[in-house]
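Below is one structure, written out as structure tokens, with a few remarks after it.
The values are calculated or read from the model by the stated rules, or taken from the named source; none is laboratory data. Predicted model only: the values in this text are computed from it and were never measured. Neighbour counts are summed over all protein chains in view; Cβ atoms, including those assigned to glycine, are modelled from backbone coordinates with ideal geometry. Protein only, heavy atoms only, side chains kept; ligands, DNA and RNA dropped before computing areas. Shrake-Rupley method; radii C 1.70, N 1.55, O 1.52, S 1.80 Å.
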Amino acid sequence: MRTPTRRTVLGAALAAAGTGLLTACSAGSDPMSGMDHASMGRSPMTGSAAPAGFVAPNGPEVAAAEARRKPGPERKVALTATETTLDLGGRTVRSWAYGDRLPGREVRATVGDTLALTLANHLPQPTSLHWHGLALRNDMDGVPGLTQDPVRAGASFDYRFALSHPGTYWFHPHSGVQQDRGLYAPLIVEDPKEPLRYDKEWVVVLDDWVDGVDGSTPDAVLAELAKGMGDMGGTGGMDHSGHGMPGMSGTPAAADGPSRMLMGATSPLLGGDAGDVAYPFHLVNGRLATAPETFTAKPGDRIRLRLINAGGDTAYRVALGGHELTVTHTDGFPVEPATTQALLLGMGERYDVLVTAKDGAFPLTALAEGKNAAALAVLRTGGGAAPDASTRPAELDGRLLTAGQLRADPAVRLPDRAPDRTVALELTGGMARADWAFNGRRYDPAQRHPVAAGERVRLEFRNSTAMWHPVHLHGHSFALGAGGPRKDTAIVLPGTTLAVDFDADNPGLWMVHCHNVYHAETGMMTVLGYRA
């Protein structure tokens, strides 16, 4: 173990307690088009003005695109981000969360609804909400300094937008490394014409956990990683977006936390280096493997599992002991059904699968790929001893399906079309200098890769680093190859090139970034900007 590093103490949290999450529905909402956001209690978007020649996040093009989505009845939600104590299953930690739950209570709505969510910030620093995977209006995308101003401590912000596509999504901050605390929750958009037939549904959120363990915080982890393995150190501060620039995070780190830098973690599935962070815990639905969540059903029940990887630095290989998985969706979009024994999820990815439950008690194991650890939940349909934390079902080493093997359902398949524009994004940098970037340039919110409305755009990710990266595009879904699945997050292995196509049909300024939160916060983020 490395010698603990002296760190500064995080400032005191606000005394106000979180009110948790309250939901209600009402009908007859009006479209957002033309509304003054500031008059609705939102922060003025002083940090999000687009440079000349680009569509602004709150511009008329964005309002017109939202009106075309025909916003329907409101789904009202009140959400409080607060400092709280969380019980992981016999181990309590102080962290930040939505209310006092981990994950936060899921939000459910129906496609066509207007989500009207008010975020109250009871944290000691600014925050935001990003709606991962949604094609929504740009000024609701939740990126401070790009699409909105940060929601300052003690303030609130009204997010309001149409839900135009059903599927499995989630939300989290886009402010520093806050996502690697307890600030995340599922968002399930239901389809009133759902073609799948199943008896029960189980939402499964995977996470790697460090916050509040032996003095550790994600900010302290970032500060350590930002020094690089070569002890290069970093002295940069914050840019105006609230995202950390190289070498620092947005808040002071916790005191005296142990080193969390991970050395020697490898995985052939990930092309070598498996990750940077040695997490003490891995969780399913906020529970340790020693005190797992148990989902009950009857033998023969057809169960829909919605799998979400909310981790910061960990890919999970997932299997359900004694069962096969039939993949029906990835990242919210349907695929031609495919059967497998195991799935690999990078950070930010989601898969929906169907299983027909057998009789007994079965482990749902999420192996922290390359990290010699696992998370656990239990499916129980009958008697028998519950599997314990050391259980490793044989299916983990069985057939493994990757996203590139899937085919999009014909109803959502991207039509064949030659790209009008190719945006070349080379993934660069490494841990030696902690200089993660695109095209050798660390994140600059003023930089834009231009696209034009109506274009078929090809993003060409060339990974010249020695590590895998889950790349995520905001506000759109892309296709993996001709006829391939529609996704918003995809793994790019070291030494490979991944080309994905999308239609530029949602105007604004949209982030592209690695969904390893520590890679992103040390620079691996950039912006696509629609030309005005």
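Annotations
- Residues in the range 266-290 that are outside any loop (DSSP other than H, G, I, E, B), over 19 Å from Ser216 (Cβ atoms) and open to solvent by less than 10 Å² (accessible area, probe 1.4 Å): Ser267, Leu270, Val284.
- Among the residues of the range 352-386, the ones that are in contact with a helix residue (DSSP H, G or I) (Cβ under 8 Å, 6 or more places away or on another chain) and open to solvent by less than 10 Å² (accessible area, probe 1.4 Å) come to 2 in all.
- Filtering the range 148-173 to residues that are open to solvent by 10 Å² or more (accessible area, probe 1.4 Å) and over 15 Å from Leu117 (Cα atoms) leaves Asp149, Pro150, Arg152, Ala153, Gly154, Ser164, His165, Pro166.
- Hey, Asp501 in contact with a strand residue (DSSP E or B) (Cβ under 9 Å, 6 or more places away or on another chain) and within 30 Å of Ala220 (Cα to Cα) or not: no
- Gly104 vs. criteria at positive phi and either open to solvent by less than 40 Å² (accessible area, probe 1.4 Å) or polar (S, T, N, Q) (or both): no
- So Val500, is it of a type outside the set (Phe, Trp, Tyr) and under 22 Å from Ala310 (Cα atoms): no
- First in the range 123-143 and open to solvent by less than 10 Å² (accessible area, probe 1.4 Å), second anywhere and basic (Lys, Arg), Cβ under 8 Å, 6 or more apart: Met140/Arg160
- In the range 449-480, residue farthest from Arg433 (Cα to Cα) [restricted to those that are open to solvent by 40 Å² or more (accessible area, probe 1.4 Å) and part of a loop (DSSP other than H, G, I, E, B)]: Gly454
- Boolean, Asp113 is charged (D, E, K, R), more than 21 Å from the chain's Cα centre (by Cα) and crowded, with 20+ Cβ neighbours inside 10 Å: yes
- Of all residues in the range 341-350, those satisfying the criterion of being open to solvent by less than 10 Å² (accessible area, probe 1.4 Å) and in contact with a helix residue (DSSP H, G or I) (Cβ under 9 Å, 6 or more places away or on another chain) are Ala342, Gly346, Met347, Glu349.
- So Asp180, is it touching a helix residue (DSSP H, G or I) at 6+ places or on another chain (Cβ under 9 Å), touching a residue at least 24 places away in the same chain (Cβ under 8 Å) and surrounded by fewer than 24 Cβ atoms within 10 Å (Cβ to Cβ): no
- Some residue of the range 202-213 being over 30 Å from Asp352 (Cβ atoms) and either modelled with pLDDT under 95 or surrounded by fewer than 24 Cβ atoms within 10 Å (Cβ to Cβ) (or both): yes
- Those residues of the range 54-75 which are in contact (Cβ under 8 Å) with a residue 40 or more places away in the chain, charged (D, E, K, R) and in a helix (DSSP H, G or I), in sequence order: Glu61, Glu66
- For the range 156-174, a tally of residues being polar (S, T, N, Q) and either part of a strand (DSSP E or B) or without any contact (Cβ under 8 Å) to a residue 60 or more places away in the chain (or both) returns 2.
- Selection count, the range 324-351, where residues are over 21 Å from Arg287 (Cα atoms), of a type outside the set (A, V, I, L, M) and outside any loop (DSSP other than H, G, I, E, B): 10
- Selection status of Ala389, out of contact with any Gly (no Cβ under 9 Å at 6 or more places or on another chain), crowded, with 22+ Cβ neighbours inside 10 Å and in contact (Cβ under 8 Å) with a residue 40 or more places away in the chain: no
- Residue tally, condition closer than 13 Å to Ala418 by Cα and more than 21 Å from the chain's Cα centre (by Cα), over the range 500-513: 1
- Candidates Leu414, Leu367, Leu379 - the one that is farther than 14 Å from Gly321 by Cα and either at pLDDT below 95 or of a type in the set (A, V, I, L, M, F, W, C) (or both): Leu414
- Any hit, the range 145-163, residues being closer than 30 Å to Leu376 by Cβ and out of contact with any Asp or Glu (no Cβ under 6 Å at 6 or more places or on another chain): no
- Val335 being crowded, with 24+ Cβ neighbours inside 10 Å, modelled with pLDDT of 95 or more and not small (Gly, Ala, Ser): yes
- Looking only at the range 300-317, and only at residues there that are over 25 Å from Gln178 (Cα atoms) and either assigned to a loop (DSSP other than H, G, I, E, B) or of a type in the set (Val, Ile, Thr) (or both), the one that is most open to solvent (accessible area, probe 1.4 Å): Gly300
- As a summary of the residue check, Leu414 satisfies the conditions (1) open to solvent by less than 10 Å² (accessible area, probe 1.4 Å); (2) part of a loop (DSSP other than H, G, I, E, B) except for the one numbered (1).
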